[in-house]
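All of the numbers you see were taken from the coordinates with simple rules; none came from a lab. Just so we're clear, the structure is a prediction, and the values are computed from it rather than from any experiment. Here Cβ is always computed from backbone atoms with ideal geometry, including for glycine, and neighbour counts include all displayed protein chains.
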Protein chains: 2
Amino acid sequence: MDVEKSEQQFKDILKKRNHYQQISRLLSWDTQTGAPKKGAEQRAEVNGSISAELFRLSISEEMKKSLDELKKADLQSEVLKKSVEECAKEYNKNNKIPEDEYKDYVILKSNAATVWEEAKENDDFSLLEPYLEKLVEYNKCFIEYLGYEDHPYDPLLDNFEPGVFVKTIDRLFAQLKERLIPLVEAVRKSPHQPQTDFLFQSFSKENQRALSKCFLEKIGYDFESGRLDESLHPFTMALHSEDVRVTTHFKEEDVLSGLLSTIHEGGHALYEQNIATELKDTPMAEGTSFGIHESQSLLWEKFIGQNKNFWKAMYPLLIEHSDGQFTDVSFDDYFFALNEAKPSFIRVDADELTYCLHIIVRYELEKGIFEGNIEVHELPKLWNDKMEEYLGIRPSTDREGVLQDAHWAGGEFGYFPSYALGYIYAAQLKEVLVKDVPMYDEKLLHGDFTPIKAWLTKNVHQHGKLKTPAEIIQETTGGSIDAEPLLNYLETKYSDLYQLKNH
Amino acid sequence: MDVEKSEQQFKDILKKRNHYQQISRLLSWDTQTGAPKKGAEQRAEVNGSISAELFRLSISEEMKKSLDELKKADLQSEVLKKSVEECAKEYNKNNKIPEDEYKDYVILKSNAATVWEEAKENDDFSLLEPYLEKLVEYNKCFIEYLGYEDHPYDPLLDNFEPGVFVKTIDRLFAQLKERLIPLVEAVRKSPHQPQTDFLFQSFSKENQRALSKCFLEKIGYDFESGRLDESLHPFTMALHSEDVRVTTHFKEEDVLSGLLSTIHEGGHALYEQNIATELKDTPMAEGTSFGIHESQSLLWEKFIGQNKNFWKAMYPLLIEHSDGQFTDVSFDDYFFALNEAKPSFIRVDADELTYCLHIIVRYELEKGIFEGNIEVHELPKLWNDKMEEYLGIRPSTDREGVLQDAHWAGGEFGYFPSYALGYIYAAQLKEVLVKDVPMYDEKLLHGDFTPIKAWLTKNVHQHGKLKTPAEIIQETTGGSIDAEPLLNYLETKYSDLYQLKNH
C-alpha cells in the first residue's frame, strides 16, 4: 500500500475513533446532568458497547496495518507523526493486556463503585476491602504486562501523567512536606483568624446561575461552543473544541462553593476550547495530561480566582447578584474569609494551602501498596495516621477518611499525584505569566482577562497533546518541574494573611 | 447453524441496532435542547456515522444469514417472529435502493433543509424549487425500486402508516371535506364568537415550567423515566421505555401554547413509557405508526385537554400558577376561548376544527406530484387555491403558504396524512374509552386520569409495534378506520360552542 493510501486509512480510523469518543463523552455528560434515573442500566450498556468498539478499534487489524506503514514512512506532518505515536502506544498497551481479563476488570470496577457507595454510607470499609484487593491484584498484573524500568508504580502514573515518574514525585513531595507541614501548623496556631459566617447566608440559585455565567464570560469562555449545567459533582466534558460543556453546583447557603467550582471548570474548559483547529479529529486534540489540565483549572480558580486584584474587580458583581449578604462586609474581611486555610478531612473541600498534603497521603499509600509494603486491610489506619502526621487532625470515621474518594473503587490508581502536579505546574506557569503579560496587576484590577487567556492559549492550550507536560513547562519556564514557585507563593500569601512572623 | 444459535446471533444484532438507535436519538435530543451552536457540524458528522452504521447493519451479511435461518424456523416467540418480519422488511427496502444513491439523497435532504430556511426567510420559493424537484425525482426512483400494486404514493405512505393506502385515505378525506368545509364556514360566520384577549397576558416562564410539570405528573408521566426540557419546537424523544424525554416551549404572553404542547407531548410520552418490558431491545419496542402515535398525543391534547370536565378539575391549577391573569374570567368564557376555532394560515397553530383541512391541502398536492399531474413549480399557486377553497382564506405570501412546513424540504413525502389519521384514530378510540371507563366524566371532573391511562396502556401502549394500526383499531373498536366519530365529535362540540342552528 502506498503512503498516501495508508494516511487516508489512518485518518478514517481516527475519525471513527473520534466519533465514538464524542458519543461516550456525551453519554457520560448526559448521565450526570439529569438523565432519567430508570434509564441508568441501558445507558451503561450503550456506553459499554461504545467502549468495546473503541477498544476493538485500537487493536484492530486495520489499525495495525496503517500504523506499520506510517511508522516506516517519512511523514511531513507533525500532527500525523505524533498521532501515529499515540495510537501505537495505545495499540501496544491494549495488546499487552488480554481482552477478557480487561473486560472482567471493567465489570469489577463498576461493581466496586457501587459497593463503595454502600461502604461509605455505612462507614464500613470491610465491604469494600475484598473488591479493593482484587482491583489491586488486577493492577499488579497489568503492571507486569506493561513492564517498567524503575518502579512498579510508574506504569500507573503513565496513564495520567506521561513522562513523570516516581523518582520525580518523591523529590517534589518531600519538598512540599518539608515546608508545608510547618506552614499549615503555623497558620493553624495563628491568633489572627478570619471571620467567615457572612459567607454562608442565603443566595438564590437563580442568581448564582447568572453570576456563574457572568464569570465564565468574563474569563473568556465561549458559550457558543459550550453550555453550563448543574450536576452533583462539577466537571467539564469536552466532546471536541467547539463543544466543551461545564457543570457546577449551587448551594443556597454557600455561594462561593459553586462560584469557585465554576471558575475551576472554566479553566479546564478554556484549555479545551482553545486547542488549535488543525488538531481536530486527531488524538492530539485534547489536554496533554491530567496534571497540565489541572494546572489550568487551578490557575484560574486559585492563582487568579483567589487573588486580591481579581476580587477588587469582581467583588461588586458578587454584591450585585446577592441579596444584601455582603452589605456590612469590608473588602479585606471578605478577602481573608475567601482565603481561609484550615486542616479538614475532605480533600475536595480543602483549601489551597492544605490541599497538597491530602494528595501526599494518598500517593504514599498507593505507592506502598504497589511496592508490596502495604496491605489493603491496613489502609484505614495508615490513612488516619498520615492525616494526623501531616495535617494535625485525625478522622474519627472512614467515611471522612479512606472511604471519601471514589478513585480507588474506580480502579484509578496513579491518578492522585496529577492533582498536586497541577498545583506545581500552575504556580510555575503563573510566575512567567505575571512577567510576560504587561501590566498584569492592572489588567486584573480592571477585570480584563483577555491577555491572560491569550498567554495561556499561546503557551498551553493551542498545543493540545502535541507537547508533553515536560515540554510545556520547559518551553514556558525554561526549566523543569519545580515545587519552589508553589511553595514561595503559599509561604508569602499565607504569612501575610495570617500575620506569621517566622515565615 | 442451529436455530438457537441463529436466535442468539439475531438478538445480538438487535441489541447493537438498539444501541445505535439510542445514540442517534440522544444526539437528536441534544441538538434541540441547547447543544452548543458551533458544534453543529461535528454533531451532524457523528450522527451521520451512526446512521451509516445502522444502514450497514440492516443489510449486513450477518443480518441476512440470521434472517434466512429464522424465517425457516418454527419460532415460538411472537416477539421474535415479528422482529424477524420487521428486519426482513427493512432488509428488503434498504437493499432495493442503491447505497450510493441513498447517500446522495441524504446529503441533498440536508442541503435542502438549509435552503428551505433561507427560502422561508426571504419568502422566495424559487430558491427551494430546484431542490424540491430533485427530491421528488429521487422519491419517484425509490418508488419504482420499491414497487407498488395500486398507487405510486402507496410506498411513501408505507414509511409512516403501514397498511394504509391511497384508496382508504381518499375515501376518508372526501368525507372530511364534505362535512368540515361547511362546518368551518358556519363557525366563521357565527355571530357568537369568543373573547380571547385574557389568554395573552404575561405568565412567567418559571411558573409555566412548574405548571407543565404538574400537568405531566397528573396524566401519569413518570419523571424517573423521563425529563422535561425546552426547545424551539416541542417534541418527544424516546431512547427506550425508561428514557422518554419531553420538550415544550414557553411563551410569556401565551401560556396555553406551551401548556397544550406539553399535554400533546405527554400523550406521545405515555405511549412510549408504557410499552411492555418484554419488547425491550427489539424493533417491536416502539409506537406502531406515526398515525397511532399522533392519536395518543391528540387524544390527550384535544379530546381530554380541551374537554370541559378536564378543565373543571384543572382550571384552579392554572389560576394558582398565574399572576392574576384569570381573576375576572368566568370558567365558561375561559373554556370558549380555549376552544376558539378560526381558519388560519399556519398548520401548527391551527385549532382542532380546521386542522384536518390543512392536511388535506398537503395530501392532495403530494398525491398530484407523484401521480405526475402536478409540477413542483405549480405548488405555491395550487396551495393558495386550495387554502381558499377549503378554509376560505388565501395566503398572501409563500412564507405563510407552501414554505411554512419543513417536511418536503426534508424529503418527508407521505408523512402528512398521518396527522389526520391520528385525529381519526383518536376520535375512534375515545368513543370506546368513554364507554369502557366507568364514570368517565366523574373521573375527569376529579382530575383522576389513572383509569384513562390504564385503558390506553391496555389497548394501545403495551403492544408497541406488535400490532398494526388496523389491528389496534379493529380490536378496540370492533371496526376499521372510520371518520364518523371525529366528524360527530366536531359537529356536536362546535355547533354547541358557536350556537349553530343547522348542525
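Counted over all Cα-Cα pairs of the stretch B:75-151, pairs farther apart than 18 Å make up 58 percent. Taking the square roots of 5 times each eigenvalue of the Cα gyration tensor of the stretch B:434-503, largest first, gives ellipsoid semi-axes of 27, 20, 8 Å.
Relative contact order for chain A: 20 percent, from Cα pairs under 8 Å spaced at least 6 residues apart, divided by residue count. Once the dipole of the stretch A:267-380 is set up with Lys and Arg at +1 and Asp and Glu at -1 on Cβ about the Cα centre, which of A:309, A:291, A:363 lies farthest towards its positive end? Toward the positive end, the furthest listed residue is A:309. Computed from the C-beta positions of residue B:196 and residue B:117, the FRET efficiency with R₀ = 25 Å rounds to 0.20. Beyond 29 Å in Cα-Cα separation lie the following of the pairs B:15/B:205; B:93/B:453; A:82/B:38; B:5/B:280; B:89/B:386; A:205/A:381: B:15/B:205; B:93/B:453; B:89/B:386; A:205/A:381.
Restricting the GluC sites (Glu not before Pro) of the stretch B:123-176 to loop positions (DSSP other than H, G, I, E, B) with no more than 15 neighbouring Cβ atoms within 10 Å leaves B:149. Once backbone amide H atoms are built at 1.01 Å from N, residue B:341 has no partners under 5 Å, excluding neighbours fewer than 5 places away on the same chain. Dipole magnitude for chain B: computed about the Cα centre from +1 point charges on Lys and Arg Cβ and -1 point charges on Asp and Glu Cβ, it is near 680 debye.
Among the chymotrypsin sites (Phe, Trp or Tyr not before Pro) within the stretch A:216-266, not one is in coil by DSSP while having at most 14 neighbouring Cβ atoms inside 10 Å.
What base-10 log of the normalised intensity I(q)/I(0) is obtained for the stretch B:267-420 from the Debye formula, alpha carbons as equal point scatterers, at q = 0.17 Å⁻¹? Debye intensities relative to I(0), on a log10 scale: -1.06. Restricting the calculation to Cα atoms, every distinct pair contributes to the Kirkwood radius of the protein assembly as shown, found to be 32.3 Å. Mean residue ellipticity at 222 nm, helices only, chain A: -20500 deg cm²/dmol; runs of at least 4 DSSP H residues each add -39,500 (n - 2.57), and the sum is divided by the number of residues. Quick check on the stretch A:3-96: what are the equivalent-ellipsoid semi-axes from the Cα gyration tensor, as sqrt(5λ), descending, whole Å? Equivalent ellipsoid semi-axes, largest first: 32, 13, 10 Å. Taking the Cα centroid of the stretch B:1-72 and of the stretch B:327-357, what is the distance between the two, rounded to the nearest whole Å? If you average the Cα positions of each part, the centres end up 42 Å apart. Taking every full run of DSSP H in chain A, the ones that stretch at least 20 Å from end to end by Cα along their long axis and average 0.0 or higher on the Kyte-Doolittle scale are A:125-146, A:166-189, A:255-273, A:355-371, A:416-436.
Neighbours of residue A:198, meaning other residues whose beta-carbon lies under 10 angstrom from its beta-carbon, give a summed charge of -3 when Lys and Arg score +1 and Asp and Glu score -1. Charge dipole (Cα centre; +1 on Lys/Arg Cβ, -1 on Asp/Glu Cβ; no other charges) of the protein assembly as shown amounts to roughly 0 debye.
Here the stretch A:3-96 is assigned +1 on the Cβ of each Lys and Arg and -1 on the Cβ of each Asp and Glu. Its dipole about the Cα centre then comes out at about 260 debye. Taking other Cβ atoms within 10 Å as a rough exposure proxy, A:168, A:247 sort from fewest to most as A:168, A:247. With contacts taken as Cα pairs under 8 Å at a separation of at least 6 residues, the stretch B:1-96 carries a relative contact order of 38 percent. Under conditions of 10 °C and 1.306 mPa s, chain B yields 66 µm² s⁻¹ as its translational diffusion coefficient, taking Rh as the Kirkwood radius over Cα pairs in the Stokes-Einstein equation. Count Lys and Arg as plus one, Asp and Glu as minus one, and take only other residues whose Cβ is under 12 Å from that of residue A:482; the net charge is then -1.
In a solvent-free Debye calculation with one equal scatterer on each Cα, what is log10 I(q)/I(0) for the stretch B:377-495 at q = 0.12, 0.21 Å⁻¹, listed in the order of the q values? Result of the Debye calculation: -0.66, -1.16. By the count of neighbouring beta-carbon atoms within 10 Å, fewest first, B:264, A:192, A:249 end up ordered A:192, A:249, B:264. With respect to the cross-link table entries B:177/B:302; A:16/A:81; A:71/B:11, which display a Cα-Cα separation exceeding 30 Å? Correct reply: A:71/B:11. Averaged over the residues of A:15-26, the number of partner chain Cβ atoms lying within 10 Å of the residue Cβ comes to 4. Over the stretch B:397-461, the fraction of Cα-Cα pairs per 10 Å bin, rounded to whole percents and listed from the shortest bin up, is 17, 32, 20, 19, 11, 0. Using the Cβ-Cβ distance between residue A:315 and residue A:397 with R0 set to 35 Å, the FRET efficiency from 1/(1 + (r/R0)^6) comes to roughly 0.40. Each residue in B:407, A:293 was given a count of other beta-carbon atoms within 10 angstrom of its own, and listing them fewest first yields B:407, A:293.
For the stretch B:38-106, the set of chymotrypsin sites (Phe, Trp or Tyr not before Pro) satisfying both a DSSP loop assignment and a count of at most 16 other C-beta atoms within 10 Å is empty.
Only one residue of B:191, B:445, B:32 has its Cα farthest out toward the positive end of the dipole of chain B, where Lys and Arg carry +1 and Asp and Glu -1 on Cβ, and that residue is B:445.
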